[in-house]
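Novice: Can you read through this structure? Questions will come right after.
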Amino acid sequence: MRTASTPSPALIYPPNPHSFQNGRESSTSSSSVTGETIAMVHSPPPTRLTHPLIRSASRLQKERANVDRLPDPAMIQIFSFLPTNQLCRCARVCRRWYNLAWDPRLWRTIHLTGETINVDRALKVLTRRLCQDTPNVCLMLETVIVSGCRRLTDRGLYTIAQCCPELRQLEMSGCYNISNEAVFDVVSLCPNLEHLDVSGCSKVTCISLTREASIKLSPLHGKQISIRYLDMTDCFVLEDEGLHTIAAHCTQLTHLYLRRCIRITDEGLRYLVIYCMSIRELSVSDCRFVSDFGMREIAKLELRLRYLSIAHCGRITDVGIRYITKYCSKLRYLNARGCEGITDHGVEYLAKNCTKLKSLDIGKCPLVSDAGLECLALNCFSLKRLSLKSCESITGQGLQIVAANCFDLQMLNVQDCEISVEALRFVQRHCKRCIIEHTNPAFF
């Protein structure tokens, strides 16, 4: 029986009508669960079993259970590797495990998964239990991961915003029922939030403070949000005006991912660079309206930019690559797959200015040939990953030049390229640790 003086743990599990067969628990019940996932509250297990036969059997099991001989620190270390739902299950084993499973050190992170889980209810029950020592506030909770929990709604996010002022990381990828207002509540009430993943949240069009939070802030503090990492991949309705608001409020951004935000244009990138001059990693892959003018704006990030993805941005040509390589010489990663306007001249600009480049993807760039590869090999000796998938003009001669100069190459993708077996074996001999992805059935 649960009492007010002894808060009980939350057990999160999906009910399975086939869990018991012929009076015995099915061995596959934990792996073949179906139906709606619910959150239930259970009291701590009793300390003693009264029946003498049960007591003797329990004593025999205890003698055989080596895990009970482990000290508490070791048990807590083991529990630290468990996801939230399994940790709640462990709390039901015995009173010792109950006390260990609710050790505050294990609850810096809540990680829930599952498309059918009633995640709003689960978050409410868990935060209520974690607020036992500090009423209405979970001071130890820093990370909440609910990616893929499609039943998450604004109500669940409001619970997090109200109870978790020390939250630093929130991941809710694929939770498409979340609205702007719920995100505003979180960033306004969790001032330490630095990592936010709303990829696939198609209703999110902006990130800003609530009106009440903006009014309360002093003029000296400004209207800033502490987010440094923001993933808005597949937020299809994000537009330039929304990106303008995000940039104006999240000036400390260092990592920004806008993959498949198809309404973003060069104007949005101009707003971004005005406010967020600390960006190190940026992805605008599949943003079809981004062109060379957008690259001119991104180039203003200069030496701070290390990672850039412009895959399938068909309006980007050698002109845009020249802007980037001229001012962002510390670039380490470039993904330009599917940018069909890039030629050997663009690769030459890249090779001569970004000599510390470690990863390059120029797959599906039909105008890149062996001449561009030769320039790359003679300047970028630190290259570790190179993708040339579907580059029709590449031959084995260009690959041999790369292999002869880039000894640290670890991954080479030449799928759908006309490369001879001799050239592939040459690469294999000179780059011992290189994994070659190819479509030549004669090479193995």
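The values are calculated or read from the model by the stated rules, or taken from the named source; none is laboratory data. This structure is a prediction, so every number in the text was calculated from the model and none was measured. Cβ: placed from backbone, ideal geometry, glycine included. Neighbour counts: every protein chain shown. When the accessible area is computed, the model is the full protein with side chains, heavy atoms only, and any ligands, DNA or RNA have been set aside. Shrake-Rupley method; radii C 1.70, N 1.55, O 1.52, S 1.80 Å.
Novice: Roughly what would the spin-label model give for Q252 and R96, points 7 Å off Cα along C-beta, in nm?
Specialist: Calculated label separation equals 4.3 nm.
Novice: Starting from the Cα of D72, step 7 Å along the direction of its Cβ; do the same at K330; then give the gap between the two resulting points in nm.
Specialist: 4.7 nm
Novice: Another one. So, counting K/R as plus one and D/E as minus one, what does the shell of residues with Cβ under 13 Å around N413 add up to?
Specialist: Combined, the nearby Lys, Arg, Asp and Glu give +2.
Novice: So what is the relative contact order for region 103-164, in percent, with contacts set as C-alpha pairs under 8 Å and at least six apart?
Specialist: 50 percent
Novice: Once the Cα gyration tensor of region 342-382 is diagonalised, what are the square roots of 5 times its eigenvalues, in whole Å and ordered largest first, as equivalent ellipsoid semi-axes?
Specialist: Taking √(5λ) for each eigenvalue gives 16, 10, 8 Å, largest first.
Novice: Compute the length gained on full extension between F444 and E166: take 0.36 nm times their separation in residues and subtract their Cα-Cα distance, giving the result in nm to one decimal.
Specialist: Here the answer is 94.8 nm.
Novice: State the Cα centre-to-centre distance between region 275-307 and region 419-444 in whole Å.
Specialist: Distance between centres, Cα-based: 35 Å.
Novice: What whole number of Å gives the distance from the Cα centroid of region 171-188 to the Cα centroid of region 83-138?
Specialist: Measuring centre to centre over Cα atoms gives 22 Å.
Novice: Return an integer: the convex hull volume of the alpha-carbon atoms of region 73-154, in Å³ per residue.
Specialist: 98 Å³
Novice: With a cut-off of 8 Å between alpha carbons and a minimum separation of six or more residues, what is the relative contact order of region 222-275 in percent?
Specialist: Relative CO of region 222-275 lands at 47 percent.
Novice: So how do F81, F381, F289 rank on accessible area, 1.4 Å probe, biggest first, that is with the largest at the start?
Specialist: Of F81, F381, F289, the descending order of accessible area is F81, F381, F289.
Novice: 7 Å from Cα along Cα→Cβ at both R128 and E181: what's the point-to-point distance in nm?
Specialist: Taking the simple label geometry, R128 and E181 are separated by 2.4 nm.
Novice: I'd like the accessible area for Y333, computed on protein heavy atoms only with a 1.4 Å probe and all protein chains in place. Round to 10 Å², please.
Specialist: Rounded to the nearest 10, that gives 60 Å².
Novice: Count neighbours as other Cβ atoms within 10 Å of each site's Cβ, and list the trypsin sites (Lys or Arg not before Pro) in region 412-444 that are DSSP loop with at most 14 such neighbours.
Specialist: In loop regions of region 412-444 (DSSP not H, G, I, E or B), the sparsely surrounded trypsin sites (Lys or Arg not before Pro) are K432, R433.
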